[in-house]
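*Asks:* What follows is a structure written as structure tokens; I'll ask about it next.
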Amino acid sequence: MPTFLRFLMLLSLVVWIGGIIFFSFVVAPTVFSVLPTRHLAGAVVNRSLATLHWMGIFSGVVFVVASLIYTRMSSGAAYPFAARHLLVYLMLLLTIVSHFGIAAKMATLRTDMGEIDRLSQDDTRRVQFNKLHAWSTRLEGTVFFLGLAVLFLTARRLS
């Protein structure tokens, strides 16, 4: 049982962090360079990001549950406020804010604007969309680096 729990903990981090890497370095750049319009590329990125967020939420829950059970079995207490758990809680919070807050507002703006490239650079909707995009990118980067910290703490704990 402890081996399976360690496996679940590591797998959940691999899926979440690996998904962010794949999305950031493969999906987003590829669709913007291959698809004929930025509007289509944005639609693919939006759908991919939504999937990534759900993968992250699921992975975070799996990690926390497996880690709490593993820690309880190995040390007699679950330690829900251990550093690795606090970081995963923060990763989950940021992912939820990104998905249900920022991405939802961007989707509303996208619907209202139509094709963003047809709007002037100083259109208030486009300016707001660009600001939200910048925040989305920051949050995703923060989740990534927090995930690396969790991976390090987990590897150190399991060694």
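*Asks:* Please list, in order along segment 44-56, the HN-Hα scalar couplings obtained from phi with the Karplus expression 6.51 cos²θ - 1.76 cosθ + 1.60 (θ = phi - 60°), rounded to whole Hz, x for Gly and Pro.
*Replies:* 5, 4, 4, 5, 5, 5, 4, 5, 4, 4, 5, 4, x
*Asks:* Could I ask something else about it? Taking the simple approach of a point 7 Å from Cα along Cα-to-Cβ for both THR142 and TRP54, what is their distance in nm?
*Replies:* 2.5 nm
*Asks:* Oh, and also: Roughly what would the spin-label model give for TYR79 and PHE152, points 7 Å off Cα along C-beta, in nm?
*Replies:* 1.7 nm
*Asks:* While we're on this one: What does the extension gain come out to for LEU86 and VAL65, with contour length at 0.36 nm per residue minus their alpha carbon separation?
*Replies:* Gain on stretching LEU86 to VAL65: 6.3 nm.
*Asks:* Okay, next question. When you take every Cα atom in segment 1-126, what is the radius of gyration, and what is Dmax, the widest Cα pair distance, in Å?
*Replies:* Over segment 1-126's Cα set, Rg and Dmax evaluate to 18.8, 61 Å.
*Asks:* First measure r as the distance between the Cβ atoms of LEU35 and GLN128, then evaluate 1/(1 + (r/R0)^6) with R0 = 35 Å and state the FRET efficiency to the nearest 0.05.
*Replies:* After rounding, the FRET efficiency stands at 0.90.
*Asks:* How much length is gained on full extension from VAL97 to SER24, taking 0.36 nm per residue of separation minus their Cα-Cα distance?
*Replies:* 24.4 nm
Only the coordinates and a few stated rules stand behind these numbers; no lab work does. Quick caveat, the model's predicted, so the values are computed rather than measured. Glycine gets a Cβ as well: all are built from the backbone with ideal geometry, and neighbour counts include every protein chain shown.
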